[in-house]
Each structure stands twice: as structure tokens, then as C-alpha cells.
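S.K.: A single structure is presented below for examination.
The values are calculated or read from the model by the stated rules, or taken from the named source; none is laboratory data. Every value quoted in this text rests on a predicted model; they were computed, and no experiment measured them. In this analysis, Cβ positions are derived from the backbone assuming ideal geometry, glycine residues included, and neighbour counts consider all displayed protein chains. Surface accessibility is based on the protein's heavy atoms, side chains included, excluding ligands, DNA and RNA. Shrake-Rupley method; radii C 1.70, N 1.55, O 1.52, S 1.80 Å.
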Amino acid sequence: AMLDPDSGLSLAIARIVQRLKGSSLHSQLERQARVSLHKPEIKLESLKEDIKDFLKTSGWEKKLQNAVYSELNVFPAPCHPAAPPEHMKEPLAYMRKAQGSWEKRILKSLNSMCTELSIPLAQKRPVSEQKELLSKWNEMGTDEPDLSLFRPVYAPKDFLEVLMNLRNPNYENGEQPSFRNHLGLIQVPLKVKDIPELKEDFSELGLNIGQLGIDDSAQVPPEFFENEHVRVGQKVLAEQDSAAAQQYVRQGCPTALRADLWALILNISNQPEDILYYEQLKSNVIQHDLLVDSLIFKDVKLTASNDDYYFVFEDYLYQVLLCFSRDTSVLEHFTYSSATPPKSYIRGKLGMEEYAVFYPPNVNYNSFILSVAPLCFLYHEPSKLYQIFREMYVRFFFRLHSISSHPSGIVSLCLLFETLLQTHLPQLFYHLREIGAQPLRISFKWMVRAFSGYLATDQLLLLWDRILGYNSLEILAVLAAAVFAFRAVNLMEVTSLAAAE
């Protein structure tokens, strides 16, 4: 049941206040208010109003607004107070169950790898090894450890198989005729948007609105649109308003402003305490050796080292991913993700809760590498790069690796892609299905990696502008369908999956 708007609003406000109370912004605001007491313009008789005015004019109110906006963007709308807590994670029981068994499968794969290779999940590094790692921190790529025995925990096609087997137990023999007509691989009835709804939601992508990176051949001289767009972008940055920045990037970001605009939208300012936090993660990497370190190493070697664009960032990738695998603050997103952080037990203490450790919150390193690499073009300072990636992960990317009914979740994206194609290009859809080249088998890996590794970096960043701008991943399914539409004539000629690929 939905809450009536007022109590919903007060719940949301209470939650945001609660969450901001523990933040560094809260202590900074208190400090600023105290400092302001010594200012001559602050009078005792109008103390409250004067302090408010001071915080407004000195830019602190903007910072608070951005923090609130950031909370609203990340956390889901509050559930009804009577709803059980797992509803906030995922309202559909069969989705929660599927996600749970998928996690068990991954953990089993990790554990059996440990047993096979007789390596513990985690161990302290000997001091000599710690020193060596510290000295090589900025050139880890020069190492060539033998990783032939490590295998990827899972490949995208394994994950797709799991999604194809999802069923809603309440739809025994498909009561709703409309759903029986869905000829795609995804067989769960979720509500996805149709073209009119997408048009309304993505109205700034209308054909009559200028888009950076595309409108070079418009009737308007391109430099006119571009210069104007850059000017507005500079103004948005000067205002330091997250909401305005988010609206602005829907038409694409000028290259020179992108790093700052994204940081503003994600509310990342790289304060001294953020840099300190990153250093703590780094020292954790230096001190402890995790099994996933080898998996990360192997994935970076396989992915980035062979990529013409990304190999130069190899060292950045190790730094960010090794730190990320130890970042327990990432666990906070599990309150609104259908996933649950994997737990492992210290050797010999199986099942004893006080010996449980959260064993890396995140497992699909291969996709992570592809989601960090493009950011290396924008951020060259490791702690800032790290924070941006972490924020992108807890807002967006985790949805591509977990089973849920969320509109930006991978299940909904697959369904949206298949529905768009089946509705608008039925002949193509049917033809590909007949020759055993189900379109989703081709587009799944594009979507699960948010197109990283499939688009040139400048194009990829323009796509990610829109993900940030609309606070949604639905654009990925729309783009995937558009690629098929663009290639429809040639695809009608093919007779096999390989040819379609």
C-alpha cells in the first residue's frame, strides 16, 4: 500500500536527517554556525534567521541541498511502515529467492577454488611482501604472477541462463494472455515502459533538442549550439547545484566540464577525510591478501591489457579494484539492493556469527574493470577516481549484477529490450528467433557492462552522461534495441547466431 503523501514525506525527511547526522557535512555545518557567532552582522535578537542567512550566502545551504538531493537519488522511496524490511530490498519474494540462490552459487564457486588451489580466502601478508607491494603500488602491472589456475567466477552467459529460468510462481499457466505472447527469453511479468512512456521520460532526447556529440550536422551551425551549451555548463558549475547539473547533462557534457559535472551530480568533493579513507583501504590491501586479489589481477590482465584504450590505466585499475574489494561502506547499499553481502567464516569457525567476515562485497570483477576504465579518462587522482567509481557502483552498476524487479535492474532491462524489439520490429525479432539467434543473447553482454568495451570511450561517456542525467539505466535497453533497428536490413539476411553477432 502506498503511504499518503504527507506521512511518506515526513518519513523520508526523518530518514535523510538521520543519515546526514553522522556525516562530515553535519559537523562542518555546526562548525560554520559556531564561527558565524563572532561576525558583527549576526545579532542576538535575530540569531536563528541571521545564521540561516549566513549559511545561505556562504554556500553551505547549497552543500546541504546537494547532500539531500543525493540521498533522494540513491535511496528508494520509503516503504509502508508495516512492510517487512526485506521489502525495501526487493518486494517480490521469487526474485529475492533467485538472487539468494545465485549468490550461493557464486560463493560455492569461490570456496571450491580455494579448496582446489589450497589458498585461504584471506590471509595476512608477510611483512616482506607488504613492503614489496607498497614499493610497487604505482606499477603493479609489471608483475606477471602465474594465474592460469584461477578461473572467472562466472561469465555473462551463465548469468543470462539464470535470468532466463526465472518464473513467477503465481503465473502458473500464464493467466494474462498478453504475457503469453512474449516470445523472448525473459519469462517474468514485470511492467516495463512502452515508447510513449519512454518518450515522456526521456523528453530531452527528443529530435528537436540539441545533443552534444551528435548535432554536428544540424541546420544550426554546430558551434552555435556547442558554445551556448558550454556557457550554460560553466554557469551550472559556478552555481554548484547537483539538481541543475543532473538536468544539464541529459543533453551531454562538454569534454572539458564532464569530470566536474559528474562529481557535482554524485556529490563527491574529495575532502581530506575522503582521502584519508582511501589511504586506510590502501593499507588494508597492503596488509591482507585476499583470494579475489588474484581474480582481479587475472581479469585486469585479460581485459585491460589487451585493450588499446585502457592498457595505460592498468595500475589505476588495480588500485581502485583492490581497494573496492575491501570497502565495507559499500555494504550499505545492500539495504536497498536485492543482494546480500557474501559472508565467510574464519577457518574452523564455520557458522559462528562472531567469526563471520563479509567476504568481498562484490564478485563480478570483469564487469567492474570495464566500469572503472572509462572513468580513468576523467579522474587522475586515485582517491577521487575511487570515490566516483564507488558512487557509480552503488547508484547504478550493482543493478546490472543482481536479480531484482527494479526498473533499472538487469531483468527489467532485458525485458524492456525484448519488448521494444518484439513490438517495433516483429519481423526481425521473429526471424532472429527462428534461426536461433535470440537478440538478447547478443545484447545481454552490452547491457550488463553498460556498453563499456563495446563503444569508443568518447561515445561511452556521452551514454553515461544520460545514465547520470536520468538517474536510470533504462537508456541501455533503448540503445541496445536501437542498434538492432539500425542494423535491421542486414540482420534480416543472416542465417546464424555467428553471422548476426
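Each row is one residue, and each column tells you yes or no for (1) without any contact (Cβ under 8 Å) to a residue 24 or more places away in the chain; (2) within 29 Å of THR340 (Cβ to Cβ).
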| site | (1), (2) |
| --- | --- |
| ILE106 | no, yes |
| GLN123 | no, yes |
| LYS136 | yes, no |
| VAL153 | no, yes |
| GLN187 | yes, yes |
| ASP194 | no, no |
| ASP201 | no, no |
| GLY210 | no, no |
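S.K.: Scan the stretch 445-464 residue by residue and report those that are more than 13 Å from the chain's Cα centre (by Cα) and within 16 Å of ARG258 (Cα to Cα).
M.R.: Taking the stretch 445-464 and keeping what is more than 13 Å from the chain's Cα centre (by Cα), we get 445-446, 453-463.
Listed by number, the residues that qualify are THR457, ASP458, GLN459, LEU460, LEU461, LEU462, LEU463.
S.K.: Something else now. How do the helices (runs of 4 or more DSSP H) wholly within the stretch 1-65 filter down when requiring 1 or more residues that are farther than 30 Å from HIS87 by Cβ: which remain? Before the answer, list the steps.
M.R.: Numbers: elements: 5-21, 24-36, 47-57.
Fully inside the stretch 1-65 and qualifying: 24-36, 47-57.
S.K.: Moving on. Given (1) out of contact with any Leu (no Cβ under 7 Å at 6 or more places or on another chain); (2) modelled with pLDDT under 95, identify the lone condition not met by PRO254.
M.R.: (1)
S.K.: Here's a check for you: in the stretch 237-261, which residue that is open to solvent by 20 Å² or more (accessible area, probe 1.4 Å) and of a type outside the set (A, V, I, L, M) is farthest from PRO374 (Cα to Cα)?
M.R.: For the stretch 237-261, the residue satisfying everything is GLU239.
S.K.: Assuming PRO81 fulfils every condition listed in (1) within 27 Å of VAL411 (Cβ to Cβ); (2) at pLDDT below 75 apart from one, which condition is it?
M.R.: (1)
Residue-by-condition table, conditions (1) open to solvent by 70 Å² or more (accessible area, probe 1.4 Å); (2) at negative phi; (3) among the small types (Gly, Ala, Ser):
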| position | (1), (2), (3) |
| --- | --- |
| VAL74 | no, yes, no |
| MET88 | no, yes, no |
| ALA93 | no, yes, yes |
| LYS97 | yes, yes, no |
| LYS108 | yes, yes, no |
| CYS114 | no, yes, no |
| SER118 | yes, no, yes |
| GLN123 | yes, yes, no |
| SER128 | yes, yes, yes |
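S.K.: Here's a follow-up. I'd like the full set of residues that are of a type in the set (S, T, N, Q) and either under 30 Å from the mean Cα position of the chain (by Cα) or at pLDDT 80 or above (or both), limited to the stretch 192-238. Spell out the reasoning first.
M.R.: Kept after step one, since they are of a type in the set (S, T, N, Q), are these residues of the stretch 192-238: 203, 208, 211, 217, 219, 227, 234.
Across the stretch 192-238, the qualifying residues are SER203, ASN208, GLN211, ASN227, GLN234.
S.K.: Please specify each residue of the stretch 256-285 satisfying the condition of being touching a Ser or Thr at 6+ places or on another chain (Cβ under 7 Å) and among the β-branched types (Val, Ile, Thr).
M.R.: Listed by number, the residues that qualify are ILE265, ILE275.
S.K.: Go over the candidates VAL394, VAL320, VAL292 one by one and state the one that is more than 13 Å from the chain's Cα centre (by Cα), modelled with pLDDT of 85 or more and part of a helix (DSSP H, G or I).
M.R.: Working: VAL394 fails: more than 13 Å from the chain's Cα centre (by Cα); VAL292 fails: modelled with pLDDT of 85 or more.
Just one listed residue meets the conditions, VAL320.
S.K.: Quick one: is ARG449 open to solvent by 10 Å² or more (accessible area, probe 1.4 Å), in contact with a Gly (Cβ under 6 Å, 6 or more places away or on another chain) and of a type in the set (Lys, Arg)? Give the steps one after another, and end with the answer.
M.R.: On the way: open to solvent by 10 Å² or more (accessible area, probe 1.4 Å): yes; in contact with a Gly (Cβ under 6 Å, 6 or more places away or on another chain): no; of a type in the set (Lys, Arg): yes.
Taking the combined requirement at face value, the residue does not satisfy it.
S.K.: Tally up the residues in the stretch 165-182 that are in a loop (DSSP other than H, G, I, E, B), surrounded by 12 or more Cβ atoms within 10 Å (Cβ to Cβ) and at pLDDT below 85, please.
M.R.: Total meeting the criteria: 3.
S.K.: Say whether the condition of being open to solvent by less than 80 Å² (accessible area, probe 1.4 Å), among the aromatic types (Phe, Trp, Tyr), more than 28 Å from the chain's Cα centre (by Cα) and more than 21 Å from LEU163 (Cα to Cα) is met by at least one residue in the stretch 48-58.
M.R.: yes
S.K.: Right, another one. Considering each residue of the stretch 447-492, count those that are over 21 Å from THR419 (Cβ atoms), touching a helix residue (DSSP H, G or I) at 6+ places or on another chain (Cβ under 6 Å) and without any contact (Cβ under 8 Å) to a residue 60 or more places away in the chain, and give that number.
M.R.: 1
S.K.: Let me ask something else about it. Just to verify a result, which residue in the stretch 454-501, among those that are open to solvent by 20 Å² or more (accessible area, probe 1.4 Å), in a loop (DSSP other than H, G, I, E, B) and hydroxyl-bearing (Ser, Thr, Tyr), is nearest to PHE444 (Cα to Cα)?
M.R.: Result: TYR454.
S.K.: Name the single residue, out of those in the stretch 1-60 being among the charged types (D, E, K, R) and in contact (Cβ under 8 Å) with a residue 24 or more places away in the chain, that is farthest from MET88 (Cα to Cα).
M.R.: Residues of the stretch 1-60 that are among the charged types (D, E, K, R), as a first pass: 4, 6, 15, 19, 21, 30-31, 34, 39, 41, 43, 45, 48-50, 52-53, 56.
Subset that is in contact (Cβ under 8 Å) with a residue 24 or more places away in the chain: 15, 19.
Values: ARG15: 14, ARG19: 16 Å.
Among residues in the stretch 1-60 that are among the charged types (D, E, K, R) and in contact (Cβ under 8 Å) with a residue 24 or more places away in the chain, the one farthest from MET88 (Cα to Cα) is ARG19.
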